[in-house]
Amino acid sequence: QVQLVESGGGLVQAGGSLRLSCAASGRTERTYTMGWFRQAPGKEREFVAAITWSVGFTYYADSVKGRFTISRDKAKNTVYLQMNSLKPEDTAVYYCAAGPRGLGTSDQSYNYWGQGTQVTVSS
């Protein structure tokens with residue numbers, strides 16, 4: 001019903017910036033919240049940021065507050081994650097997700113997932 005495609009990952013030095021994009025297609029009218037998660041090798045998937053689609057209310061994990069910014073372009077059905085002051089510990093596969101309910105930090109709050117994009121931060 002909803003397809004999500006991430007892009008924008010890559011290799012960057014510590015202190016640098018990247019902007020991830022997630023384009024949604026299909027029947028997106030039931031989407032209420034879009035979020036970003038990440039998973040590093042050998043670790044569990046963790047919540048990064050989320051945004052409500054209509055109003056644009058945002059929520060961030062403590063580890064990225066002040067460095068990452070989530071936003072959306074409603075006309076393009078696209079959500080972005082601007083990542084600044086990147087650290088080696090930010091290295092992970094980043095996934096975007098869409099869900100029908102309010103802001104949630106659990107992956108159980110989201111029904112649709114993208115394929116992921118690799119972000120690698122070198123020191």
Once both labels are modelled 7 Å past Cα along the beta-carbon direction, what's the Val55-Leu11 spacing in nm? 4.4 nm
Diffing the range 24-35: the Karplus 3J(HN,Hα) column from phi (6.51, -1.76, 1.60, θ = phi - 60°), in whole Hz with x for Gly and Pro, holds 9, 9, x, 8, 8, 5, 8, 6, 9, 9, 10, x
Using a 1.4 Å probe, what is the accessible area per residue for the chain, in Å²? 52 Å²
In Å, descending, principal axis extents of the Cα set of the chain: 42, 28, 23
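State the extension gain, in nm to one decimal, for the chain segment bounded by Lys76 and Gln108, taking 0.36 nm per residue of separation less the distance between their alpha-carbons. Write down the numbers at each step before the final one.
Working: separation 32, 0.36 × 32 = 11.52 nm, distance 2.56 nm.
Length gained, Lys76 through Gln108: 9.0 nm.
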Descending accessible area (1.4 Å probe), largest on the left, turns Trp36, Trp53, Trp113 into Trp113, Trp53, Trp36
Share of Cα-Cα pairs in the range 46-115 beyond 21 Å, whole percent, is 21 percent
Tyr95 - accessible surface, heavy atoms, 1.4 Å probe, Å² rounded to 10: 50 Å²
With every protein chain in place, what's the accessible area of Lys65 (1.4 Å probe, Å², nearest 10)? 110 Å²
Residues with amide H under 5 Å of Tyr32's amide H, sequence separation 5 or more or different chain, H placed in the peptide plane at 1.01 Å from N; which? Gly99, Arg101
Quick one: net charge of Ala40's neighbours, Cβ under 10 Å, K/R +1, D/E -1? -1
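In the range 1-70, carbon and sulfur make up what percent of the accessible area (probe 1.4 Å)?
48 percent
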In the full protein assembly as shown, how much of Phe47 is accessible to a 1.4 Å probe, in Å² to the nearest 10? 20 Å²
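The values are calculated or read from the model by the stated rules, or taken from the named source; none is laboratory data. Quick caveat, the model's predicted, so the values are computed rather than measured. Here Cβ is always computed from backbone atoms with ideal geometry, including for glycine, and neighbour counts include all displayed protein chains. Accessible surface areas use protein heavy atoms only, side chains included; no ligands, DNA or RNA. Shrake-Rupley method; radii C 1.70, N 1.55, O 1.52, S 1.80 Å.
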